[in-house]
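> Mind having a look at this structure? Questions to follow.
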Amino acid sequence: MRIGVIISDEPRINDEIRVSQVRLIGPNGEQVGVIATSVALNLAKEANLDLVEVAPNAKPPVAKLIDYGKFKYNEKIKAREGTVVIRAPRKSRRSASA
């Protein structure tokens with residue numbers, strides 16, 4: 001077991017991405033290509049966006065230039081839409097007078 005490794009469900013953002021190269025997806029969904037992480041971080045800073053690692057297990061990892069706050073909000077909405085609330089039917093109270 002490794003000591004000091006924190007496993008998180010949150011994607012790595014900006015300086016947390018420690019790989020040398022990433023496959024970069026632009027803010028409009030276009031594929032920029034495989035570039036150095038430092039160059040991708042500079043592009044993110046110039047565009048006032050965040051570099052978010054969306055597929056860490058890919059070779060090379062896939063990162064997107066997006067607003068991280070908006071990304072988190074959209075993920076929260078998707079998770080909420082996936083849950084379905086099932087309610088039991090209500091029993092009506094009818095009088096037995098006939």
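Coordinate-derived values only; no laboratory data. As the structure is a prediction and not an experimental result, all values here were calculated from the model. Using ideal geometry, Cβ is built from the backbone for each residue, glycine included, and neighbour counts are taken over all protein chains shown.
> Hey, among Val19, Val84, which residue is free of Cβ contacts under 8 Å to residues at least 60 places away in the same chain and in contact with a Ser or Thr (Cβ under 8 Å, 6 or more places away or on another chain)?
On the way: Val84 fails: in contact with a Ser or Thr (Cβ under 8 Å, 6 or more places away or on another chain).
Of Val19, Val84, the one residue that is free of Cβ contacts under 8 Å to residues at least 60 places away in the same chain and in contact with a Ser or Thr (Cβ under 8 Å, 6 or more places away or on another chain) is Val19.
> When you check Val32 against the structure, is it of a type in the set (A, V, I, L, M, F, W, C), assigned to a strand (DSSP E or B) and under 11 Å from the mean Cα position of the chain (by Cα), yes or no?
Numbers: of a type in the set (A, V, I, L, M, F, W, C): yes; assigned to a strand (DSSP E or B): yes; under 11 Å from the mean Cα position of the chain (by Cα): no.
For Val32, the condition - of a type in the set (A, V, I, L, M, F, W, C), assigned to a strand (DSSP E or B) and under 11 Å from the mean Cα position of the chain (by Cα) - is not met.
> Scan the stretch 26-74 for residues that are charged (D, E, K, R), crowded, with 17+ Cβ neighbours inside 10 Å and within 14 Å of Asp15 (Cβ to Cβ) and report the count. Break it down stepwise before answering.
Just the residues of the stretch 26-74 that are charged (D, E, K, R), to begin with: 30, 45-46, 50, 53, 59, 64, 67, 70, 72.
Next cut, crowded, with 17+ Cβ neighbours inside 10 Å only: 50, 53, 64.
Going one step further and asking which of them are within 14 Å of Asp15 (Cβ to Cβ), we end up with 50, 53.
Residues meeting the conditions: 2.
> Oh, and also: Please specify each residue of the stretch 44-69 satisfying the condition of being closer than 14 Å to Asn28 by Cα and assigned to a helix (DSSP H, G or I).
Ala44
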